[in-house]
Amino acid sequence: MSLAEKLNVITSLSLNFFTSIAIIQVNKYIYINYKFPNMGLTCIHFLITFLGLLICSLFGIFQIVKVPIIKMIPMSITFCGFVALTNYSLEYNTIGTYQCLKALTTPGVMIISFNFYNHIYSNKVILSILPVLFGVVFNSIYDLKFNFLGFLLGLSAASITSLYQVWIGEKQKELKINALQLLTYQAPLSAFFLMLIIPFFEPLYGPTGLFKLDRSPTEWLVIVMSGVIAFGVNITIYWIIGITSALTYNMSGNLKFITTIVVGSILFHDPMKLQQMMSIIMVTIGK
């Protein structure tokens with residue numbers, strides 16, 4: 001790897017570190033204080049991401065290329081599931097449990113890559129996921145605010161996120177396009193699919209509705225700010241996986257993992273027993 005490529009990786013990992021921590025805290029704040037609907041917020045994030053990409057293309061940062069829409073539909077659907085289920089997991093779980101369940105993405109990526117894309121992993125890498133599995137189990141047992149629905153949502157989120165992250169790298173190779181070109185198609189398609197189903201799953205009006213009439217300018221400012229941060233998260237995920245791999249992305253996040261839990265516990269007063277802290281340490285060792 002050349003010096004320029006190494007700097008590229010370091011820059012993308014650094015940006016992803018700060019935006020990933022910020023988006024979790026801001027989204028949790030929105031769910032707790034504004035009761036904003038989950039899929040509605042996800043749809044706004046997709047639209048802001050698409051707008052951000054159009055602005056980037058206008059400034060010559062990348063060039064939009066033609067890609068068969070039909071090839072983008074499966075990825076766009078998994079993109080919806082990845083973001084929406086991850087946000088639901090955040091809404092229903094403590095940040096500690098949310099992060100532990102999210103760590104299951106690493107073994108998920110390994111299983112999919114091994115079975116469908118013939119990726120081979122060393123015994124050392126395979127054994128490293130055992131602490132993750134044990135840590136998730138112990139964390140769930142000792143979480144003082146354990147929510148079974150949240151646990152199922154977290155497992156579902158990790159499963160579809162694993163598939164989605166593997167596809168990011170594979171689709172870039174298959175279609176010979178870069179991360180931003182891929183995301184330019186995915187973001188609006190995913191927003192469109194969500195618009196079709198939002199009326200059936202979430203209220204449009206009322207105190208928790210998407211179009212609640214008395215939302216203050218401050219609320220909308222925070223919601224839009226979360227969309228801008230989500231744009232940063234999305235492009236850095238694509239950037240990192242495009243120049244390394246989905247496994248590298250997942251195994252590079254120990255500091256991000258711990259920092260997110262500590263900040264979230266302080267901001268949202270999530271209580272933790274000693275056993276839960278130990279289980280989080282186990283997950284961190286495995287990551």
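The values are calculated or read from the model by the stated rules, or taken from the named source; none is laboratory data. Since the model is a prediction, treat every value here as computed from it, not as a measurement. Cβ sites come from the backbone with ideal geometry, for glycine too, and all protein chains shown count toward neighbours. Remember, those area values only see protein heavy atoms, side chains included, never the ligands or the DNA or RNA. Shrake-Rupley method; radii C 1.70, N 1.55, O 1.52, S 1.80 Å.
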Determine if region 33-46 includes at least one residue that is open to solvent by 30 Å² or more (accessible area, probe 1.4 Å) and of a type in the set (A, V, I, L, M, F, W, C). yes
Residues within region 118-129 that are under 9 Å from Pro107 (Cα atoms) and in contact (Cβ under 8 Å) with a residue 40 or more places away in the chain, tallied: 1
Being more than 20 Å from Ile241 (Cβ to Cβ), in contact with a helix residue (DSSP H, G or I) (Cβ under 7 Å, 6 or more places away or on another chain) and part of a loop (DSSP other than H, G, I, E, B) is the filter here, so list the residues in region 15-62 that pass it. Phe36
Check Ser159 against each of (1) under 16 Å from the mean Cα position of the chain (by Cα); (2) open to solvent by less than 30 Å² (accessible area, probe 1.4 Å) and name the one condition it does not meet. (2)
Answer yes or no: is there a residue in region 66-85 that is touching a Gly at 6+ places or on another chain (Cβ under 9 Å), open to solvent by 20 Å² or more (accessible area, probe 1.4 Å), closer than 19 Å to Gln165 by Cα and part of a helix (DSSP H, G or I). yes
Kindly check whether there is at least one residue in region 178-185 that is in a loop (DSSP other than H, G, I, E, B), open to solvent by 20 Å² or more (accessible area, probe 1.4 Å), among the polar types (S, T, N, Q) and closer than 24 Å to Ile237 by Cα. yes
For region 139-156, name all the residues that are open to solvent by 80 Å² or more (accessible area, probe 1.4 Å), assigned to a helix (DSSP H, G or I) and in contact with a helix residue (DSSP H, G or I) (Cβ under 7 Å, 6 or more places away or on another chain). Leu149
Which members of region 186-206 meet the condition of being assigned to a helix (DSSP H, G or I) and either among the β-branched types (Val, Ile, Thr) or open to solvent by 20 Å² or more (accessible area, probe 1.4 Å) (or both)? Pro188, Leu189, Phe192, Phe193, Met195, Leu196, Ile197, Ile198, Pro199, Phe200, Phe201
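Regarding Ile111, is this residue in contact (Cβ under 8 Å) with a residue 24 or more places away in the chain, surrounded by fewer than 22 Cβ atoms within 10 Å (Cβ to Cβ) and part of a helix (DSSP H, G or I)?
yes
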Checked Ile237, Ile241, Ile229 against criteria (in contact with a Phe, Trp or Tyr (Cβ under 6 Å, 6 or more places away or on another chain), at pLDDT 70 or above and not small (Gly, Ala, Ser)); the one match is Ile241
How many of the residues making up region 88-108 are more than 13 Å from the chain's Cα centre (by Cα), surrounded by 24 or more Cβ atoms within 10 Å (Cβ to Cβ) and small (Gly, Ala, Ser)? 1
